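The values are calculated or read from the model by the stated rules, or taken from the named source; none is laboratory data. It should be emphasised that the depicted structure is a prediction, and the values quoted were computed from it without experimental measurement. Please note: Cβ atoms are built from the backbone with ideal geometry, for glycine as well, and neighbour counts cover all protein chains shown. Just the protein is used for accessible areas: all its heavy atoms, side chains included, with ligands, DNA and RNA removed. Shrake-Rupley method; radii C 1.70, N 1.55, O 1.52, S 1.80 Å.
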Amino acid sequence: TIDGLSISIRYENARLVQAATRGDGAEGENVTANIMTVREIPHHLKGRGVPDILEVRGEIYLGHEDFRRLNAAQAEAGGKIFANPRNAAAGSLRQLDPAVTASRPLRFFAYAWGEVSGMPADTQMGMVETYRRFGLPVNPLMRLCESADELIAYYRDIGEKRSSLGYDIDGVVYKVDRLDLQQRLGFVSR
């Protein structure tokens, strides 16, 4: 998973209407005005089949090079130096002035969902492909694995690529592809 700030973006009739941080898991901060300034996040979803209500979940992050440039600009201006890209992304999104957020090179990957009025797919990868069709950025490194050997090979591949990805990751997350089986297995928040 991307090491960034978890965000939930609500679309109604394909239009972005609200965004919030995950917060404590039950209640987060309203960051709608700031999310509207993130260039990668569409204000309107495109294409057919967009559910009337679609709560997109994903991660706001900063790439390594953008983080270096941001800290250099902060230092030159006598501003706060950020400890790491995750803190910089979180601080940037929580600005009181959306113009400050707009000046920061925030990025976004969509990968999950909350409330959906009608699921447009019945698998995890189907949802990710649907997000791509709707114009949402998704991580191109997501892969569908068919066996334990493929899972292990993918883990090793990401381990080898980790230092050259251009952004921080927490590690590899495996998900059961079929949504009905995900539902039966249940969820944890860690």
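Sub-7 Å Cβ pairs linking a first residue in the stretch 104-119 that is open to solvent by less than 20 Å² (accessible area, probe 1.4 Å) to a second residue that is among the basic types (Lys, Arg), at least 6 apart or interchain, are ALA112/ARG57, ordered by first then second residue.
Would you check which residues across the stretch 40-71 are free of Cβ contacts under 8 Å to residues at least 12 places away in the same chain and either in contact with a His (Cβ under 9 Å, 6 or more places away or on another chain) or closer than 17 Å to THR101 by Cα (or both) and list them?
Initial filter on the stretch 40-71 (free of Cβ contacts under 8 Å to residues at least 12 places away in the same chain): 48, 68.
ARG68 - this is the single residue of the stretch 40-71 that is free of Cβ contacts under 8 Å to residues at least 12 places away in the same chain and either in contact with a His (Cβ under 9 Å, 6 or more places away or on another chain) or closer than 17 Å to THR101 by Cα (or both).
When restricted to residues that are part of a loop (DSSP other than H, G, I, E, B), open to solvent by 70 Å² or more (accessible area, probe 1.4 Å) and touching a strand residue (DSSP E or B) at 6+ places or on another chain (Cβ under 9 Å), the stretch 1-35 contains 4. Taking the criterion of being of a type outside the set (Phe, Trp, Tyr) and within 16 Å of ARG57 (Cβ to Cβ), the residues of the stretch 107-124 that qualify are ARG107, ALA110, ALA112, GLY114, GLU115, VAL116, SER117, MET119, PRO120, ALA121, GLN124. The residue that is nearest to PHE108 (Cα to Cα), among those in the stretch 181-190 that are of a type outside the set (Gly, Ala, Ser) and open to solvent by less than 80 Å² (accessible area, probe 1.4 Å), is GLN182.
Residues in the stretch 133-178 that are assigned to a loop (DSSP other than H, G, I, E, B), loosely packed, with under 15 Cβ neighbours inside 10 Å and among the small types (Gly, Ala, Ser): SER147, GLY166, GLY171.
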